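As structure tokens, the structure follows; a few thoughts come after it.
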Amino acid sequence: MNKSYFDQFLAKSDGITTLEMHTRHVVTAGKNLLHSLPLSKEEKVFWEEKLIRCAVLHDLGKIHKEFVGRLNGIKGGDIRHELVSLLFCLNYLRLEHDELFAIATHHKGIVDTHSETKGTLSPNQISEYIEQWYESDVSIFKRKNVQDWLGIFGLDIRTLEQDAVKKVPKDLKMLLNAKYQIKSLPEFEHRKQLSLTRVLLMASDHLGSARKENDIPKYKQLSIQNFQPNKGGVYFPFRPFQERLQQIKTDVILHAPTGSGKTEAALNWVFANQTENSRVFYLLPYTASINAMVSRLQNHYNEEVVTALHSKTLDFFYEQISEEYSNDEKDYQKIEQEAKNKKSLSKELFYPIKVATLHQVLKTSLKGKGWEFGLFDYKNALFIIDEFHTYNALLTGMLLATIKLYRKLFNAKFFFLSATIPDFMLNLIINEIYEGDQSKLIRLNKEKEQDRIVLDRKRHQLYCMNDDTIEDEIGLIKDYLEDGRSVLIIVNNVKTAQKLYREIDFEGSVRLLHSGFNKRDRTIIENSITNKDILLRPQLLIATQAVEVSLDIDYDIAFIENAPIDALIQRFGRINRAGKKRIIPIDSESSLQNDTVPVYVFENSIGNTPFYDSKVLESTWNELQKLNNYELGEDDLINVCNHVYKDGYKEAQQKDFENGLNNSIINRFEEDWIAGHWRDWVEDILKNNNQKIEVLCFNLQEKYKQKIAERRFLEANQLLVQVYNYEPELSREKLYGDTLVAINLKYDPTIGYFSIEKDVDEGIM
């Protein structure tokens, strides 16, 4: 065995990692990965033998002189080392097609002549180029080289002596082409096998390259004590509905009020249904609530096993890692690389507990890039779908179609939870997914004292303001503030929030929260309003619907513009959350019977609300007026919700829902399965022309350039804001990384971005 021959070859351009070293890292990663996945003993034995074989052979093509030249800085050439590895296998080994496929595609997707998808092999690479690569370094294609390489890793595989194979055989070439794969391999189970082997090799390669082969976290079995409420070591009993979930080993739809302990209920269900190494996915609609839930679950599990998975994950990890260093110690490039590594791992087969957005899960059912990782990640997985009522009709339809698919394909289980789900949506879920089985629905039981306390709790006094807008009641707002009360104002658009911020002359602590802030300031604001020390939170918060879902805040008084009832219920949930405050309104005499606080709802919005259905707004207001001047509990608001949505979705919404439910990609998932191929799933979800783009406001250009010069690229990116396509007037010149500059938009860290086409006061109206 000529081991010294291979010692000369590197796998990376770092000048350190030899081909043998990297291969051993990948082999180790593969073995450890298999033991962290939800596989039976028989499955682990089957996959280990196959995966080790692929891992040992996947990078053998890196001994080709063109690849060696590239590592040495010689530019030019388009060699694909994985295809050269394939040539070695075709010439001297008799491997199964899924192993050959995995080796050939562990970096690039298969050929797709009908799409401009990046990251795929080209037709030329698997035809004439591969023959050229053989001829350009024919001396390496020796049986002995393969024998020696296998011997280094102790693999006893019989090698072949045959005429030189310089081309990819037709049957394999068809598998490597999206147009012909199904024709070549009609049985979807066979194509599934291609995907499974491919994704295991890819995951092992990524883990080995990141030197995480020995750091793969194993799922921690959750115990009751991990999440049972306690204080000073004294444990408190669960509520009856929470305890009940410890015995339920099926899917569940939990309908429970805000503040009743839904998260603890979900964890009781996880406790009852967890199996060895099965993943847990906690789905939430907004990134702010996801980041908070990550921290919460890390307390219940541990930091190593829980991660976030959403579009802003990179920023989340960057902030998290930065906090571990003092300003003097910070190596921004190192922190940025650590954040990128964590983001990459969060998308793959690494973390067993993932808190994610729905989009990340739809990415698999819609076959977006990386969808094949879900084949192992979702096996026997537990999905908690929190606040699912917030999704629009199209996404709801896609969600239900996806759940049906995952229950069938992965034996996954689902736990729905919501405080505000209308009956029509409950019936949709029960009928579409559970064939009318009402036993899946869990509600609090009034016959149980602890449940009854939650159900009977009143938290709010409702005051319907028919003629005024919030702007007309600034005096009343200031009276409450001067009385020491904390006040939450929720309006329906950014410009209104900015306008009120400037008009309310309040010297105390005040914050704005809306979508018009850049990432950096949004994080600072969210941290401020959720500070563990309540005394450090702003006394006055002016927000848009960004505050509606899952932020852990609790204000005394609220002034709210009318919105659909399901949105209003969420807004109400940010005031007097525990139901332990009793505040008499300043502007009227009230004989209160419960621990409630004033909530003023205004029929008239200051700005436009084109994103809300006018009929839903009108119906919501009509129902609220029936409860004017009453103290309200959760049931009162749920009844309003059911009246508003008594006929279900409106016509346009129903059409969107059906389009989502009948999505052909999801419903033909198995029939149209093409291994190593993906589609632009974002286009399938977001088919409208009113999307936002990221721009840099003109007054932040110097700050942006300074951060780029300091190579603090992520921090530079955090200066960008999201705006609608029609808002910015863009400079012809772009900055680093094709960054768009809006010459008519200015940024202020206290109010966000605004237009300067008019004077400042008008520009933020």
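The values are calculated or read from the model by the stated rules, or taken from the named source; none is laboratory data. Please read all numbers here as calculations on a predicted model, not as lab measurements. Here the Cβ positions follow ideal geometry from the backbone for every residue, glycine too, while neighbour counts run over all protein chains shown. Surface accessibility is based on the protein's heavy atoms, side chains included, excluding ligands, DNA and RNA. Shrake-Rupley method; radii C 1.70, N 1.55, O 1.52, S 1.80 Å.
The table below lists the values:
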item	result
Förster-model FRET efficiency, 35 Å R0, Glu187 and Asp552, C-beta, rounded to 0.05	0.10
Rough spin-label spacing in nm, given labels placed 7 Å along Cα→Cβ, for Asp148 and Ile224	6.4 nm
Added length on full extension, which subtracts the Cα-Cα distance from 0.36 nm per residue, Asp647 to Asn527	39.2 nm
With every protein chain in place, the chain: carbon and sulfur % of accessible area (1.4 Å)	45 percent
GluC sites (Glu not before Pro) within the range 101-204, DSSP loop, no more than 11 other Cβ atoms inside 10 Å	Glu116, Glu161, Glu187
Label of the coordinate-derived value, mean projected area of the Cα convex hull in nm², listed as [x] 35.9; [y] 52.4; [z] 54.5	[x]
Listed residue (Leu535, Ile470, Ile504) projecting farthest to the positive dipole end of the range 470-581, Cβ model	Leu535
Computed FRET value (nearest 0.05) for Lys41 with Asn2, which takes r as the C-beta separation and R₀ as 25 Å	0.10
Top positive-direction residue, dipole computed over the chain with Cβ charges, set Met21, Ile429, Ala266	Met21
Antiparallel bridges, percent of DSSP beta bridges restricted to the chain (to nearest 5)	25 percent
Spacing of the two label points (7 Å from each Cα toward its C-beta) at Ala164 and Ile586, in nm	9.0 nm
Value of D in µm² per second that Stokes-Einstein yields for the range 366-452, Kirkwood Rh from Cα pairs, at 10 °C (1.306 mPa s)	109 µm²/s
Cβ-derived FRET efficiency at R0 51 Å, Glu131 paired with Lys340, nearest 0.05	0.85
Gap separating the Cα centres of the range 55-70 and the range 493-523, nearest whole Å	56 Å
Alpha-carbon centroids, the range 227-275 and the range 98-124: separation in whole Å	46 Å
MRE, 222 nm, helices only [DSSP H, n ≥ 4, -39500 (n - 2.57), over the chain, to nearest 500]	-12000 deg cm²/dmol
Filtered GluC sites (Glu not before Pro), the range 429-521: DSSP coil and at most 10 other beta carbons within 10 Å	Glu435, Glu447, Glu507
Pairwise label distance in nanometres, Glu507 with Arg407, each label 7 Å out on the Cα-Cβ vector	6.1 nm
Nearby aspartates and glutamates by direct alpha-carbon distance to Lys231 (threshold 18 angstrom, same-chain neighbours under 8 apart not counted)	Glu264, Asp533
